[in-house]
Amino acid sequence: MERMFEKYADKISNNVKQELSLQLSGLETRISSMESRFSAVESALGELDRLEGDLREIKKDVQELKNENLSHRLHKIESSSGASFQELVSEVRDRQERSANVIFFDVEEGAASTPFQASSTDAAFLEKAFADLNLSMSESVRDFQRIGKFRSSGAPRPVLVRLSSSETATQMLARNRVMNPKKYSISADKTIREREHLQELRNELKSRTDNGENDLTIRYVRGVPLITRLPPAQLAGPPPSMASKNGVGSQ
């Protein structure tokens, strides 16, 4: 009986040992797998750190290129225009301030006895002009004045009109432009640089027209005056007149 019990105990012991051995082997396999994964994670983290360092270097290089390119572009603009960056900024600001202005030309100027009478006469003219262009003077005009020194003889001084917005100025110029014939001689309030550029275009247009290029005219493209060729349909009609003084009727 005792011998049988010993055999049974040995059998149980062997079974337990085998089971423990299998479990231990499984644990060792899992531990080895986890160690491999940890090693892969550590390697990936190291690679990530390296990539982050490379990315920082790339960003730095890109920013330096941007700064270099911007400096080059500014230098190119200054060189091509013959103006400093500060002068260009001043020109942009001047154009923005003038963008809500229009100038009326050839407005009869009588010899009024007082400035009030002269202003009243101009106000009456503008009231009619705004009505003809389907605009409200009371809602659109901030103020107006004659510009230049008064002369008893010669052409009347232009009337500078300051409007409520640049959109109103654009609207007024566009509505006058589509009238056939144009009823009023109106221009945008151009800066000195814009007037000089327009005069250069007129001189170039005259020179090219004198040399036989009769299909050219000055047109405004997105607010910029350019010498362009007339469509074939317009060539059969009367020759186009060059943009008149100060770009009147063109913009």
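Here, each number is a calculation from the coordinates, and none is a lab measurement. Computed from a prediction, not measured in an experiment: that's the story for all the values here. Cβ coordinates were reconstructed from backbone atoms using ideal geometry, including for glycine residues, and neighbour counts include every protein chain displayed.
Of note:
- For LEU230 and SER43, a Förster radius of 45 Å and the Cβ-Cβ distance give a FRET efficiency of 0.05, rounded to the nearest 0.05.
- The mean of 1/r over all distinct Cα pairs in segment 101-189, once inverted, gives the Kirkwood hydrodynamic radius of 13.4 Å.
- Estimated FRET transfer efficiency when R0 is 41 angstrom, pair ASN214-MET179 (beta carbons, to 0.05): 0.95
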